[in-house]
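Chemist: My structure is below; once you've seen it, I'll send some questions.
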Amino acid sequence: MTDSPQQEYDPGDVAVIGMSLRAPGARTKEQFWDNLVHGRESISFLAKDDIHVDETLIHSPFYVRACGVLDTYDKFDPSVFGISDRMAAAMTPENRLFLESAWESLEDGGYDPDRLGAEIGMYGANNPQTAALYSSPPDRVSVGPEAIEASLAWSPDTMTSNALYYMGLTGEAVTVAAVCAGFHYAVHLACQSLLLGQTDMAIAGGAMVRLPHPRGHLWEENRILSKDGHCRPFDANGTGTALSSGVVTVLLKPLNHAVADRDHIYAVVKGSAVNNNGVSAMAYGLAQPERLSACIASAMEVGGVAPETVSMYEANGLGLPMTDELEVHAASMAFGKQTATTSIGGVKGNVGHGGVVSGGFGAIKAALALYHRKLPATINLTEVNPDLDFPGTPFVPQLEGADWEPEAGIRRAGITSIGGGGYNAHLLLEEAPTPAGRAPEAEGRPRLATLSALDDDALARQRARLRDRLEADPGLRLDDVCFSLNLGRKVMPRRWAAVVRSRAELIAALSEDVPRGPATTTAAAPPTDPDGFSRTDHGIVPAGRDERALADLAAAWVTGSQVDFAALHRGEDSHRVPLPTYPFRPRRFWRTDW
């Protein structure tokens, strides 16, 4: 963490420096973005044998066999966290998914939990009903301490504290109950804590697993669930949405600190706001335009942002004409009369309604749109609902994908999330600041790259994934890659290291099945004398920066020595960059009784 953050940035801005997502049809945020860009719908239409609910429901003429399936909803890799199989089975699916996602966000941001001397806030939303549907624990009084321990793994309330505990972190732990606005509320609270100085970094998100899984839904006229399983935001023929599951987390840090710490920044949270309709609601559970409008306007006011500079609006977009009309009306009041045009879209057409994580799907879509400077199309929108009167609003439906070229000269996106019970929430994101100019990377300088895993199979998958990333992204600098690997990953027993002078050498070393040349592994390292190195409080350091000195350091590290990587990189201008995260090996865990 930095002790002297730069001051030229708005002190209320919060940087998004890491992200993790699992959604229907997407195991990663990269797959999710690819699905959005190519207009893929990730709703599954199920066979009767795939649905584990009452036969009476399946044969109802109003039963719709559609949902957004999360293919890893029942799987988990407890070994990474030191969790026993017994405890893994006791944990609810949402507890497990949130923990893995939080780990991925921290790694994506380039931080190792073991080397963080900082307070990390953990904020998350889940669905309290899932725990009861999974398997309610036995009575604590009659069973005793074991039931209490299992209940903490099972409880919705302890999802965030479990994540702190099993990741080896300290900080605030707040589990949010705000129904379908849960993700937004978690981010809102995380930003407040960061700006008050209560935490140094924060992980915020949500996890939703609809049980039984997978299952369809019963269609009812003028309710939010779709008649045919397709969600058609802003379409005249929309009948609602399908239900889905998923998990999303983001790693947050005050922007001035993130810039000073040379973090990778996806987007900036300029403002956030939440409120509730209370007694003013037209009907309990429906958006109340004046209250939702006030929420949207408040987020812009907090961020000091003029509405005409917000050129993307990611709507709650249930695809039901009545609710879409209420939302568009509310957003139009918040934006006011203006000549600029704002793209309006809805991700539920792609992935359905993810409950507490639905706002997270929209936020990741917006953050990646800012990052890639592209506006994905809203799918299933073939006949724009004329009652929305888009020509009389600031909004233009995003019917086709397009490059994002804002009239205001800066890219900003608003993301709305609405929850049953009157919950309103809005996030305002802005594109990351332009990085400061850097000198070209010194050519031919030897550098040390390291990887580690729990076993040799996971280590091989680590090497393959990193090689693929390097081949796919020629813009990645070798110094940034080595800096991010050496300081941003938890050190595990099976290790690989290579001393290389170029990206091409690193790719070649990663491709070798048997280490040779610049690479060495735990299983094949030459003997070293740990006493032959200088040492700090945090481990050994090389005698120099030449190839031989780094090769000796690599051999010592892969055979178990602790290395002071911060000292190795001291004085460099390397930046953290997002690289492949740990390759979890998920296994099925499911409890049917206690």
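The values are calculated or read from the model by the stated rules, or taken from the named source; none is laboratory data. As the structure is a prediction and not an experimental result, all values here were calculated from the model. Heads up, the Cβs are rebuilt from the backbone with ideal geometry, glycines too, and the neighbour counts pull from every protein chain shown. The protein model used for the area step is the full one, side chains on, heavy atoms only, and it has no ligands, DNA or RNA in it. Shrake-Rupley method; radii C 1.70, N 1.55, O 1.52, S 1.80 Å.
Chemist: When the Karplus curve 6.51 cos²θ - 1.76 cosθ + 1.60 is applied with θ = phi - 60°, which whole-Hz ³J(HN,Hα) does each residue of region 185-197 get, with x for Gly and Pro?
Modeler: The phi angles translate into 4, 4, 5, 4, 5, 4, 4, 4, 5, 4, 6, 7, x Hz.
Chemist: Estimate the FRET efficiency between residue 372 and residue 8 by the formula 1/(1 + (r/R0)^6), using the beta-carbon distance for r and 25 Å for R0, to the nearest 0.05.
Modeler: 0.45
Chemist: Any chance you could run the full-extension gain for residue 301 through residue 45? It's 0.36 nm times the residue separation minus the Cα-Cα distance, nm to one decimal.
Modeler: 87.9 nm
Chemist: Compute the acute angle (0 to 90°) between the alpha-carbon long axis of helix 289-302 and the principal axis of greatest extent of the alpha-carbon atoms of the chain; round to the nearest 10°.
Modeler: With rounding to tens, the tilt is 30 degrees.
Chemist: Provide the FRET efficiency to the nearest 0.05 for the residue 455-residue 198 pair, computing r from the beta carbons and using R0 = 35 Å.
Modeler: The pair residue 455/residue 198 has a calculated efficiency of 0.35.
Chemist: Okay, moving on. Sticking with the crude label model, points 7 Å out along Cα→Cβ, report the distance from residue 547 to residue 79 in nm, one decimal please.
Modeler: Result for the modelled spin labels: 3.6 nm.
Chemist: Also, quick follow-up: Using a probe radius of 1.4 Å on heavy atoms only, what accessible surface per residue do you get for the chain? Whole Å² is fine.
Modeler: Value returned for the chain: 39 Å² of accessible area per residue.
Chemist: Compute the Cα gyration tensor for region 22-149, then decide on rounded, prolate or oblate, letting a ≥ b ≥ c be the square roots of its eigenvalues: rounded whenever a/c is under 1.5, prolate when a/b is larger than b/c in the other cases, and oblate in all that remain.
Modeler: Since a/c reaches 1.5 but b/c is at least a/b, the shape of region 22-149 is classed as oblate.
Chemist: Moving on to the next point. Considering only protein heavy atoms and a probe of 1.4 Å, how much of the accessible area of region 373-438 is carbon and sulfur, as a whole percent?
Modeler: Carbon plus sulfur share of accessible area: 48 percent.
Chemist: Quick one: which residues, 5 or more positions from residue 354 or on another chain, have an amide H under 5 Å from its amide H? H modelled 1.01 Å from N in the peptide plane, none for Pro or chain starts.
Modeler: 244
Chemist: Can you check what the net charge comes to around residue 109, using other residues whose Cβ is under 9 Å from the Cβ of residue 109 (Lys, Arg +1; Asp, Glu -1)?
Modeler: In short, -1.
Chemist: Which stretch or stretches of region 463-494 have amide N atoms under 17 Å from the point lying 7 Å from residue 34's Cα along the Cα→Cβ direction?
Modeler: Once the point is set 7 Å along Cα→Cβ of residue 34, 464-474 turn out to lie under 17 Å by backbone N, inside region 463-494.
Chemist: While we're here: List the relative contact order of the chain as a percent without decimals, with contacts defined as Cα pairs under 8 Å and 6+ residues apart.
Modeler: With pairs under 8 Å counted, the relative contact order is 19 percent.
Chemist: Residues in region 364-398 near a label at residue 71, defined as backbone nitrogen under 15 Å from the 7 Å Cα→Cβ point?
Modeler: none
Chemist: Counting Lys and Arg as +1 and Asp and Glu as -1, what is the net charge of the other residues whose Cβ lies under 14 Å from the Cβ of residue 92?
Modeler: Net charge in that neighbourhood comes out at 0.
Chemist: Relative to the present Cα-Cα distance, how much length would full extension add between residue 408 and residue 227 at 0.36 nm per residue of separation?
Modeler: Difference between extended and current length: 61.1 nm.
Chemist: Please report the base-10 log of the normalised intensity I(q)/I(0) for region 464-594, using a Debye sum with one equal scatterer per alpha carbon and no solvent, at each q in 0.13, 0.22 (1/Å).
Modeler: Debye intensities relative to I(0), on a log10 scale: -0.58, -1.58.
Chemist: Summing +1 for each Lys or Arg and -1 for each Asp or Glu, what net charge is found among the other residues whose Cβ lies under 10 Å from the Cβ of residue 436?
Modeler: Net charge in that neighbourhood comes out at +1.
Chemist: Where the accessible area of region 1-115 is counted over protein heavy atoms with a 1.4 Å probe, how much of it, in %, is carbon and sulfur?
Modeler: Carbon with sulfur: 48 percent of the solvent-accessible area.
Chemist: Right, next: Between residue 176 and residues 5 or more places away or on another chain, which pairs have amide H atoms under 5 Å apart, with H built 1.01 Å from N, and which residues are they?
Modeler: 124, 125, 126
Chemist: So if each residue of separation counts as 0.36 nm, and I subtract the Cα-Cα distance between residue 389 and residue 501, what length gain in nm does that give?
Modeler: Residue separation times 0.36 nm, minus the Cα-Cα distance, leaves 34.3 nm.
Chemist: So what is log10(I(q)/I(0)) for region 413-539 at q = 0.12 1/Å, when the Debye sum runs over its Cα atoms only?
Modeler: For region 413-539, the Cα-only Debye profile gives -0.62.
Chemist: Let me ask something else about it. Roughly what would the spin-label model give for residue 537 and residue 570, points 7 Å off Cα along C-beta, in nm?
Modeler: Label at residue 537, label at residue 570, 1.2 nm between them.
Chemist: Volume per residue, Å³, of the convex hull around the alpha-carbon atoms of the chain?
Modeler: 163
Chemist: Sticking with this one: Could you work out how far the C-alpha centroid of region 182-207 sits from that of region 284-325, in angstrom?
Modeler: 21
Chemist: I would also like to ask the following. Counting only protein heavy atoms and a 1.4 Å probe, tell me what percentage of region 328-369's accessible area is made up of carbon and sulfur.
Modeler: Whole-percent figure for carbon plus sulfur exposure: 59.
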